[in-house]
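Asker: To start, I am sharing the structure in question, which I have written as structure tokens.
The values are calculated or read from the model by the stated rules, or taken from the named source; none is laboratory data. Bear in mind the structure is a predicted one, so any value in this text is a computation, not a measurement. Because the Cβ atoms are built from the backbone with ideal geometry, glycine has one as well, and the counts that use them run over all protein chains shown.
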């Protein structure tokens, strides 16, 4: 089964509220993506199979969102040389500090690219995935440049009421 | 190949200095143990195979020491219903806070029992493994009770020079 | 008075909301358990008596939930060689970081097995207690394996709406 | 056996290097003090007995130094209505943050007075103990006032070389 | 003007909600206390005058509640050799970690006795103040012992519904 | 002037000791890279010019190492849609927590991919840069797969002396 | 275009709720100020131009509020020798610890003056800006002294209901 | 006695090693400065007198370095409307996090401008003091602009050996 170029996975259904920031941005860009639930701790074999097959299935970049002892992005990175982007979920007790450190503090040899905690990180994971594809895809590069110009324009047009 | 009852695994050779606290205590108790290097991020398939086979190989308790984004204990717990004890390594930058949170903040459904950061945690992982075996092994129970009495005695015999 | 195999204790009535995760899981497993309030700081003598008598009363594993300067699990571990599992409560000010460090940073010689902060930790304390019993109890082992399969199934059956 | 008015206890012999700051200050004040090793986790019965008997043995204030999951001061406070002063030891991994939170975050009803982490805290525990005695002892009050004047004088006399 | 034996001061009116825990406990004990607003940063001269005069005005113990860069307890301790108890307020951003560290990390020579963050700390500041007075006041000692017995009784009488 | 495909920049000469981990790995892969000092706070115009020109100069991926209020990676990401990888330096006071949060907590719209603090992060930044290039470069993909196999082999060959 | 003496800039419209504390205080002082949105990460060229031109446009002090990887104050300080005051926004996940460290931990050579996290910091940024102008402006000095007297008066007039 | 325009004060002699970064920079600028030891907790009356008299003594800016429960900068700011710059010392246990939070988390109404922890902060305190004076002093402004150009030049001239 051919897969989409950008695969978004997340550890639990409750992560979808945050990860929808990534989904929505990819929709906006009309990107080729797919979304699924995969848990490093509850469905480890599916994670391993997904990660091992990803490249030959046509996946180019993987986005993994998880919280707490967030092992998902690292577990995927353990099985592939595709770029893996981690999104640390905001958590109830430690507010995502646990998710961030579990995601970013990877040992030398097996990188995970961590984004910010929570919604800004989810949104940026999608942009970063597109930036990776944009290295060799002129159309995506062009869309990203337009997106960046829009950012400037939006900030510039704000009328402050003070 | 039959395995020992207590399996100590660690993510990297550099963890041995800390984990030797566990090894030495098990030696002292004349316990049935084995030690190996297994990395959640570098040898994930070996971790999965080890964890899946552990119970039928005769393992009763697993001790896993790892540092940073310490996924080892959780990766093993994902594949077995044997009790898994995690030992968070002290790290250079965040002093083991990263290892601790990555080890202890497991999602509901897949427990890891975390010990303290570093050497005291390594030592206690061995004692805790013996306590688990001691639930149904009278001889180990007896040795543990003697060990506890020795703790009292050692503290009591200290002559403070003040 | 014969006691249940799994004893759940907690430092305050307000901990019950969290600890009910443990209770409910043990109910689901039809396990032999009992629940009581014991405070390391308010009823220390009862804690000591409970802990000293636990093994001869038939207790096999102890789960202790407490918050803040969470001394309960450690105080119990000081008096017994039964395995003691600590559950750090989420707290108002420091969000459970205080409870976690007070529970997990035990000195060498007296282990406490710490679970995650709050509800996931409470749930996992029950599973871990069962895993300990499952080392020598085939029926519990079987139930745990089924529970694990259910986890996989539940994750697999989620239909994401994206 | 009649006891000294100020009792210094500590969880381990290795705490003496830090706690000697308290001992030395009490020596300097020619105070009535005694020092002993008592461990909340290794010698809990001795801790309980010490704390229960302290007032009738003539103790007026208790200083307790401990590190990591520092339960000593709280365990003593659980058994007495004498003022208990806690000194959190600096630790290798978390630099005393664990000791501080375990000492200071006591539940309502059972106070422990926490000093700073490490040597300044040890020194201040002795001064604070004297301040408590000085509430009803004119001689100690006078010595404390002189000590305070000396602090001013010492700071004032410093010649900076810049 | 003669003052009460226990002086409660706080840095801002908004601290009263928390500090009322101390006030209520002292009411319950029928203790001799007074309450006032004094700010280390907004009314420093009043703080200095209050602290310098406290002992000769009849004050025996001072309780100071403050939040953020909580300098109040330390500023008072700078001017008196009476025992000063600090209560760190829970804050919006850093949840009281700032208040705690500003209160407890005093330099050697000038002790402040820190209680827990927020309401439990406020309550305990009152108990600790009474414990200090109880060192030389048999009636307060007796009341404290009764209070402690009540704590045990209350915990013992809880009927858990599980 | 044509630039290399992978540009490594760092905020200060003192970062080179850490960033040499990235340089050495790229050397080992015989990759097309260049290294320079650029400071977000001291040479902001050079940073802006570098970042704006990078794509048309042939750069494909940018690695930026900085410490403390580590603005370098974000300042570059502000000016380009190329993927920017941030490496937080370990710092003297806060051990890299400041660098990590300054690097990773980017606002939605402008992603930076953060690696771990210090040397492991520096090494992984190089691997991750190669993974990005490997999305569309078969030769790099092949080298990465060999590198991954070597990781497994190295771990497997360790003979533990216990 | 001549600019106001005090320029308030902020990274996002959502920061205005917090920064209105600064605006309101400057209004109260009838100060010469202006407010604008400038984002270090979304409109870096406007930030650079604003900062480079500020002094010749008549600006004397700059207040910059930003959250998360808060690079705004530092990015401005990189381009000017005018005093730059940073206000770290309170954030959802890490409660402003990220904003604070990103603002305050500037490298030697390029200072930013950090205020407290959130609203108190915003208010103080305005007062501090006025203090800077008050160094050479007698009228502002006089207003600040009156403001300080009012602070004392307000605290003094509080009637506590206890 | 007329005072220098820039007053550097520090809480203890041991702070001089760090604060010499400020002294040396002011020497380099040939600035009008003076240095003294003043402790908020040991010599509070001297702090108050210094702060109250500072403006009429000709002081324009105050730099205050202190560690731990670092109340010095805030205690000075409580008595003056001159700009006060705080430098948090790096501490043994909490690495300056305590000093930073005690310095920066000032309540609304009484600002302190915090610099980075330790040596970079000390250096920057001197530059920031000069920036304040440079608002109305053309010569200092000119020197600061030259200093900034030198920063660029120094970075630009580095030859990396890689």
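Asker: Which ones in the range D:73-86 are outside any loop (DSSP other than H, G, I, E, B) and either free of Cβ contacts under 8 Å to residues at least 60 places away in the same chain or over 15 Å from the mean Cα position of the chain (by Cα) (or both)? Let's see the steps before the verdict.
Answerer: Step one: filter the range D:73-86 for residues outside any loop (DSSP other than H, G, I, E, B), giving D:73-77, D:84-86.
The answer is D:73, D:74, D:75, D:77, D:84, D:85, D:86.
Asker: Determine whether residue H:100 is under 18 Å from the mean Cα position of the chain (by Cα), assigned to a helix (DSSP H, G or I) and modelled with pLDDT of 95 or more. It would help to see each step written out before you state the result.
Answerer: On the way: under 18 Å from the mean Cα position of the chain (by Cα): yes; assigned to a helix (DSSP H, G or I): yes; modelled with pLDDT of 95 or more: yes.
Against the criterion (under 18 Å from the mean Cα position of the chain (by Cα), assigned to a helix (DSSP H, G or I) and modelled with pLDDT of 95 or more), residue H:100 qualifies.
Asker: Going residue by residue through the range F:42-49, is there one that turns out to be in contact with a strand residue (DSSP E or B) (Cβ under 7 Å, 6 or more places away or on another chain) and modelled with pLDDT of 95 or more? Show your work before the answer.
Answerer: Filtering the range F:42-49 down to residues in contact with a strand residue (DSSP E or B) (Cβ under 7 Å, 6 or more places away or on another chain) leaves none.
No, the range F:42-49 has no match at all.
Asker: Going by what's in this entry, would residue C:144 be described as out of contact with any strand residue (DSSP E or B) (no Cβ under 8 Å at 6 or more places or on another chain), within 28 Å of residue E:124 (Cβ to Cβ) and modelled with pLDDT of 95 or more?
Answerer: Values: out of contact with any strand residue (DSSP E or B) (no Cβ under 8 Å at 6 or more places or on another chain): yes; within 28 Å of residue E:124 (Cβ to Cβ): no; modelled with pLDDT of 95 or more: yes.
Taking the combined requirement at face value, the residue does not satisfy it.
Asker: Tell me which residues, restricted to the range G:85-112, are in contact with a helix residue (DSSP H, G or I) (Cβ under 6 Å, 6 or more places away or on another chain), closer than 18 Å to residue G:18 by Cα and facing chain H (nearest Cβ under 8 Å).
Answerer: Correct list: G:85 only.
Asker: Determine, yes or no, whether residue D:118 is touching a strand residue (DSSP E or B) at 6+ places or on another chain (Cβ under 8 Å) and under 19 Å from residue E:97 (Cα atoms).
Answerer: Details: touching a strand residue (DSSP E or B) at 6+ places or on another chain (Cβ under 8 Å): yes; under 19 Å from residue E:97 (Cα atoms): yes.
In short, yes.
Asker: Filter the range F:47-62 down to the residues that are surrounded by 18 or more Cβ atoms within 10 Å (Cβ to Cβ) and closer than 24 Å to residue H:154 by Cα and list them by number.
Answerer: Result: F:47, F:48, F:50, F:51, F:54, F:62.
Asker: Keeping to the range E:71-80, report how many residues are within 8 Å of chain H (Cβ to nearest Cβ) and buried (at least 24 other Cβ atoms within 10 Å of the Cβ). If you could, list the steps in order and put the result at the bottom.
Answerer: Here is the first cut: in the range E:71-80, the residues within 8 Å of chain H (Cβ to nearest Cβ) are E:71, E:74-75, E:77-79.
Right, trim to buried (at least 24 other Cβ atoms within 10 Å of the Cβ) and you get E:71, E:74-75, E:77-78.
Of the residues in that region, 5 qualify.
Asker: Quick one: how many residues across the range G:118-162 are in contact with a helix residue (DSSP H, G or I) (Cβ under 7 Å, 6 or more places away or on another chain) and either touching a residue at least 60 places away in the same chain (Cβ under 8 Å) or at the interface with chain H (Cβ under 8 Å from one of its Cβ atoms) (or both)?
Answerer: The first filter runs over the range G:118-162 and keeps only residues in contact with a helix residue (DSSP H, G or I) (Cβ under 7 Å, 6 or more places away or on another chain), leaving G:118-119, G:122-123, G:125-127, G:130-135, G:140-141, G:144, G:158, G:160, G:162.
So of that shortlist, the ones also either touching a residue at least 60 places away in the same chain (Cβ under 8 Å) or at the interface with chain H (Cβ under 8 Å from one of its Cβ atoms) (or both) come out as G:118-119, G:122-123, G:125-127, G:130-135, G:140-141, G:144.
The number of residues fulfilling the criteria is 16.
Asker: Return the residues of the range G:15-45 that are surrounded by 18 or more Cβ atoms within 10 Å (Cβ to Cβ) and more than 16 Å from the chain's Cα centre (by Cα); say none if nothing qualifies.
Answerer: Selection gives G:41, G:42, G:43, G:44.
Asker: Additional query: Might you check whether a residue that is closer than 30 Å to residue D:7 by Cα, modelled with pLDDT of 95 or more and surrounded by 16 or more Cβ atoms within 10 Å (Cβ to Cβ) occurs anywhere in the range B:118-135?
Answerer: Scanning the range B:118-135, I find at least one residue that is closer than 30 Å to residue D:7 by Cα, modelled with pLDDT of 95 or more and surrounded by 16 or more Cβ atoms within 10 Å (Cβ to Cβ), so the answer is yes.
Asker: What number goes with the only condition from (1) buried (at least 21 other Cβ atoms within 10 Å of the Cβ); (2) farther than 30 Å from residue C:21 by Cβ that residue E:145 does not pass?
Answerer: (1)
Asker: Also, I was wondering about something else. Would you mind listing the strands (runs of 3 or more DSSP E) fully within the range D:4-72 where at least 2 residues are under 26 Å from residue C:106 (Cα atoms) and touching a residue at least 40 places away in the same chain (Cβ under 8 Å)? Outline the logic, then answer.
Answerer: Working: elements: D:6-10, D:33-37, D:61-66.
Of the strands (runs of 3 or more DSSP E) lying wholly inside the range D:4-72, those with at least 2 residues that are under 26 Å from residue C:106 (Cα atoms) and touching a residue at least 40 places away in the same chain (Cβ under 8 Å) span D:6-10, D:61-66.
Asker: Now for a separate question. What do you reckon, is residue D:68 surrounded by fewer than 24 Cβ atoms within 10 Å (Cβ to Cβ), touching a helix residue (DSSP H, G or I) at 6+ places or on another chain (Cβ under 6 Å) and within 8 Å of another protein chain (Cβ to nearest Cβ)? Show your work before the answer.
Answerer: Numbers: surrounded by fewer than 24 Cβ atoms within 10 Å (Cβ to Cβ): no; touching a helix residue (DSSP H, G or I) at 6+ places or on another chain (Cβ under 6 Å): yes; within 8 Å of another protein chain (Cβ to nearest Cβ): yes.
Taking the combined requirement at face value, the residue does not satisfy it.
Asker: Follow-up. Do we find that residue B:31 is in contact with a helix residue (DSSP H, G or I) (Cβ under 7 Å, 6 or more places away or on another chain), more than 11 Å from every other protein chain (Cβ to nearest Cβ) and more than 12 Å from residue F:162 (Cα to Cα) in this structure?
Answerer: Working: in contact with a helix residue (DSSP H, G or I) (Cβ under 7 Å, 6 or more places away or on another chain): yes; more than 11 Å from every other protein chain (Cβ to nearest Cβ): yes; more than 12 Å from residue F:162 (Cα to Cα): yes.
The answer is yes for residue B:31.
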